[in-house]
Each structure stands twice: as structure tokens, then as C-alpha cells.
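The values are calculated or read from the model by the stated rules, or taken from the named source; none is laboratory data. This one's a predicted model, so the numbers in the text were calculated from it and none came from an experiment. Ideal geometry is used to build each Cβ from the backbone, glycine not excepted, and the neighbour counts take in all protein chains shown.
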Amino acid sequence: MTLTAKRAIITGSNSGIGLGVAEALAAAGAEVILNSFTDRAEDHELARDLGARHGVAARYIAADMSKGGECRGLIDKAGGCDILVNNAGIQFVAPIEDFPTEKWDMILAINLSSAFHTTAAALPGMRAKGWGRVVNIASAHGLTASPYKSAYIAAKHGVVGLTKTVALETAGQGITANAICPGYVLTPLVEAQIPGQMQVNGMDRETVIREVMLLRQPSRQFATVEQIGGTTVYLCSASADQVTGTTISVDGGWTAL
Ligand code: NAD
């Protein structure tokens, strides 16, 4: 399967799932645009290295996904895209009555509104070509809830709803819109939480992973960034031409419970 001649923009892709998705799309032949809000030499180097390893064009474009104008500007600066992966996301955990308003606003802006802005900016170019893929990285928390994550869960449920609407507005136009709903994925962000959990719970690494972090994931195994990348490549393939407006869970059975 080749995505040669397709340009992919992946928001929030200088680490974790976004970078894994970029790797998978580049391996399938796509030109990739990496993004985050920083503008460091190492961000641009990351894109150069990724492009060189896969023999594809690759660029890094800095844009802050908490700002609508910069979201739309990312699409314009890239010259449009054939594949849009809305991945940028942050988390904050607190009971609703203690949840800081600025954290709520920031999570809604980055995790939900950014996808509205980038999609609105990208769709005209996709329609002109009669081909496009919108892949939103939602979460198992786009389908189920947990306490203390009100903003994240509201935003991820919103992403699933936005995905369905985009699918209806683009149906029959060669464009699909879908949401991938990962369970826990072992990214640097999650890895960094393990030592603290070991200390708080007095457990070894394996027990923390199995009994604390993956309590709700029946497989008791993390999903991997490679698996999310592979699912994205599938959604970009011809096999998925009629897969639109849906969610694909990559969660070890979490949402089957
Ligand atoms: P991560 O922290 O490694 O990646 C988040 C990315 O978003 C980073 O590249 C970061 O630089 C970027 N980002 C943050 N704020 C930004 C901003 N204002 N503008 C542009 N980019 C910004 O975390 P991750 O685990 O790879 O998460 C990626 C996505 O996957 C998120 O939407 C997250 O909600 C979702 N997700 C993660 C998991 C998991 O277990 N890791 C599970 C389900 C869903």
C-alpha cells in the first residue's frame, strides 16, 4: 500500500502517538508535516531525520493548537493536505469543583477546537482533489468516562461527535473522517508516570502497569504507537474507502467491558 503523492499533516507530532503516526505514514510513502507549538532546532531536525530514513519529504511547522488562527495557519503554510491527523492533546486531572477554568479552556481548545479549525481549513483542498482522509485521535475516553478527567472526556466525546458530522458533510466526495480510540498507549508521557506510581503504591514496575495503569484494559497490555500508526495507514487505504463516521478502538478490550 502506498501513500506516495499524499501530503499528511499530523498535529502534535514531535513525540508519542503523533510521531508514531508520522513514522507509519512516511513508511507508506506519504510526505509528512510534523507539528507542535515549539520551534526548536531539534524539532526541525526530527522532521529531516524522519524524511531521510523513509525517503520522503518531511517538514516541521510550528503552530500552537490552542489558537484557532494558528491551527488554520498550519494548513495554509503546509499548502493544504490530503491526510489530516488531529492528534495534539493534553491532560489535567482534578475533581470538577476544583478544576481550574483555564485548564478546562486549554484542554477544550487543544483537544477539540483545534480539530474543528484544521478540518475547516483542510476540507476545501480535499474536495478540490476528490480525495481526503481526516483521522482524529480520540481516546477510549471518547466513548467512556472516568472520574476527575471532565475536560479531557468532554473534549474526546466532542471529537467523536465532530468526526461523525465531518463524515456526513463529506460523504460521497472521496473523503472519509474517522476517530481512533486508543486505550493506554506506552508513550514517553505515560512512561514518565510509572516511577511515581511505583513509589506511591509501593509496587514494582510490572505490578504498577498491570494492577494500576491497565486496570481497565482487559488485555493488561499497552497499545503501541506502531499500532496506532498502522490503524491510521489502514484508514488511509482503499480498503477503508467506505469506512467513515466511525470509531476504531485500539484498547485491549476496555470498551467491551
Ligand atoms: P504526548 O504528550 O507524547 O503528545 C502530545 C503532543 O501534542 C506532543 O507532540 C505535544 O508537543 C503536542 N502538543 C501539546 N500542546 C500543543 C499545542 N498547544 N499545540 C501543538 N501541539 C501541542 O502524548 P500522547 O500520549 O502521544 O498523546 C497524543 C494524543 O493521543 C492525545 O490527543 C491524547 O489525548 C491521545 N491519547 C493518548 C493515549 C495514551 O495512553 N498515551 C490514550 C488515548 C488517547
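Taking the residues in the stretch 62-114 that are of a type in the set (Val, Ile, Thr) and not in a helix (DSSP H, G or I) as candidates, determine which candidate is nearest to residue 247 (Cα to Cα).
85
Could you list, in sequence order, the residues of the stretch 193-217 that are hydrophobic (A, V, I, L, M, F, W, C) and either within 16 Å of the ligand (Cβ to nearest atom) or in the same structural domain as residue 141 (by TED's automatic domain parsing) (or both)?
Across the stretch 193-217, the qualifying residues are 194, 208, 209, 212, 213, 214, 215.
In a helix (DSSP H, G or I), of a type outside the set (S, T, N, Q) and in contact (Cβ under 8 Å) with a residue 60 or more places away in the chain: which single residue out of 233, 212 fits that description? I'd like the intermediate steps shown before the answer.
Numbers: 212 fails: in contact (Cβ under 8 Å) with a residue 60 or more places away in the chain.
233 is the lone residue from the list that is in a helix (DSSP H, G or I), of a type outside the set (S, T, N, Q) and in contact (Cβ under 8 Å) with a residue 60 or more places away in the chain.
Among what's in the stretch 200-242 and is β-branched (Val, Ile, Thr) and in contact with a helix residue (DSSP H, G or I) (Cβ under 6 Å, 6 or more places away or on another chain), pick the residue that is surrounded by the most Cβ atoms within 10 Å (Cβ to Cβ).
232
Taking the stated definitions as given, is residue 238 closer than 25 Å to residue 153 by Cβ, assigned by TED's automatic domain parsing to the domain that holds residue 136 and of a type in the set (A, V, I, L, M, F, W, C)?
no
Can you find a residue in the stretch 176-192 that is more than 25 Å from residue 68 (Cα to Cα), within 16 Å of the ligand (Cβ to nearest atom) and without any contact (Cβ under 8 Å) to a residue 24 or more places away in the chain?
Taking every residue of the stretch 176-192 in turn, at least one turns out to be more than 25 Å from residue 68 (Cα to Cα), within 16 Å of the ligand (Cβ to nearest atom) and without any contact (Cβ under 8 Å) to a residue 24 or more places away in the chain.
Might you check whether a residue that is within 23 Å of residue 123 (Cβ to Cβ) and either within 16 Å of the ligand (Cβ to nearest atom) or outside the structural domain of residue 141 (by TED's automatic domain parsing) (or both) occurs anywhere in the stretch 45-60? Reasoning before the result, please.
Start the filter on the stretch 45-60 by keeping residues that are within 23 Å of residue 123 (Cβ to Cβ), which leaves 57, 59.
This time we only want the ones that are either within 16 Å of the ligand (Cβ to nearest atom) or outside the structural domain of residue 141 (by TED's automatic domain parsing) (or both), so: 59.
Yes, because at least one residue in the stretch 45-60 is within 23 Å of residue 123 (Cβ to Cβ) and either within 16 Å of the ligand (Cβ to nearest atom) or outside the structural domain of residue 141 (by TED's automatic domain parsing) (or both).
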